[in-house]
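These notes are about the structure you will find just below.
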Amino acid sequence: MRVMRRLSGVLSGFLCALLAGAGVTAASSPTDDQLHELRMRIDRLENQLGSLDAEAETVVEERRRLDAELELADARVREVELLLEQSQQEAAGLREETMALGTELEERRALLDHHLEIMALLGSPGPMQLFFDAYQGGELEEAVGTVAVLTAGQFKLVEEFHDVRTRHSARLAELSQTLGQTRDEARQLELRRNELDAVRRRVALRLNSLERTRASTGARLDDLREREAALERLVGVLSSRDRFTGRDDIRAYRGALPWPVDGPVVQGFGRRKLENYSAYTVCNGLRFNVPGSTPVNAVFPGVVAYARHFKGYGNMVVLDHGQGVYSLVAGLGTIHVRVDQPVTMGMRLGLAPPPTETGNIYLELRVDNKPEDPRRWLQLKGGSS
């Protein structure tokens, strides 16, 4: 049981750097605590997703309401435009009818004047002369009839013209007022529609932002769930196996262990300030940058406790060297050992992947659940961070 607790603590130390990308920062807490913290982070992200979904639903409902209001506004705009068109057509028709009656009146008047001129040229008595002649002769009724015949048509047309013009003027006044009100309503509707369009655009932008945030949060949540599963799997595998009990005590070889790779160290052990930032980064081991396919070897005899890909960190091998000492090599391009396989000092664990600016191979040593600078254990040689 004590061995299992020690192993759990060792895993905690190994994984503190690996889990930093997932937001887990415990440096010496048990692996169960790291799992608990990871699950709490997952719960927070799930709650955040729930809040995002609720806000997105509210925004979607607001967009539906705006769409409905815009549809009603568009329908009213079409009605107002139709009313404007009909009123303008009616006003134009009334003006044409008034002009037509005025033209006819002028034509009738011109025709009557022309008729009277002809009668004068022919020596025919005018209407008034005919009237007086008839009156003097005792034929008053006939005189009145003669005048009526000559003027009745024109009098009737004048009366009709004035009646139509009066009615048309009243209707045109009504139409003018209606057109003014309709144009005012059309302007107000256009302003309202522009306001609704602007609000809808803002709502659409907010919804797009929420969708992007949700996608990003969902991706982070998926990644954390995969990390959680990987950590649970790793803890389960390591906790279920017997540990290495070699004849040699690795502690006796402090300062004499071989280097796992032949290449420069690009990041050393300990805390390091980030350039151009006030923050610091902590490395619990050494990070190397070596050419691709460079052999990566065991620093001491032991047994393989873990050998497989670990989410986000590439292929990883954990060796149990006994006496509470563990080594971890991460970032391998290929793995050449298997779980429970005994290894000897200098035995190939795998090959390095192509190099990167931040290094491609990581080595960590843990003694009684505490990280130690691997340089204190490795043979003195050139190469520095």
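Bear in mind that the values in this text are calculations on the coordinates, not laboratory data. All figures in this text were calculated on a predicted structure; none of them were measured in a lab. Neighbour counts are summed over all protein chains in view; Cβ atoms, including those assigned to glycine, are modelled from backbone coordinates with ideal geometry.
May I ask you to compute the full-extension gain from residue 339 to residue 177, defined as 0.36 nm times their residue separation minus their alpha-carbon distance, rounded to one decimal in nm? It would help to have the intermediate numbers written out before the result.
On the way: separation 162, 0.36 × 162 = 58.32 nm, distance 9.33 nm.
Taking residue 339 through residue 177 to full extension adds about 49.0 nm, to one decimal.
Distance between the pseudo-spin-label points of residue 347 and residue 197 (7 Å out from Cα toward the beta carbon): 7.5 nm. Once the Cα-Cα distance is subtracted from the 0.36 nm per residue extended length, the residue 76 to residue 373 segment shows a gain of 99.1 nm. Spin-label pair residue 185-residue 95: with each label point 7 Å from Cα along the Cα-Cβ axis, the two points sit 2.3 nm from one another.
Quote to one decimal, in nm, the extra length available between residue 163 and residue 69 on full extension: 0.36 nm per residue of separation minus the C-alpha distance between them. Please list the in-between numbers first.
Values: separation 94, 0.36 × 94 = 33.84 nm, distance 4.65 nm.
Full extension from residue 163 to residue 69 adds 29.2 nm.
Taking label positions 7 Å along the Cα-Cβ direction at both residue 252 and residue 109, the computed distance is 13.9 nm, reported to one decimal.
Sort 212, 220, 287 so the one with the fewest other Cβ atoms within 10 Å of its own Cβ comes first. Each step should come with its number before you reach the end.
Details: 212 10, 220 17, 287 23.
The fewest-first ordering by Cβ neighbours comes to 212, 220, 287.
With R₀ set to 41 Å, the beta-carbon distance separating residue 85 from residue 53 gives a calculated FRET efficiency near 0.30. Residues 299, 77, 261, ranked from the fewest to the most other C-beta atoms within 10 Å, line up as 77, 261, 299.
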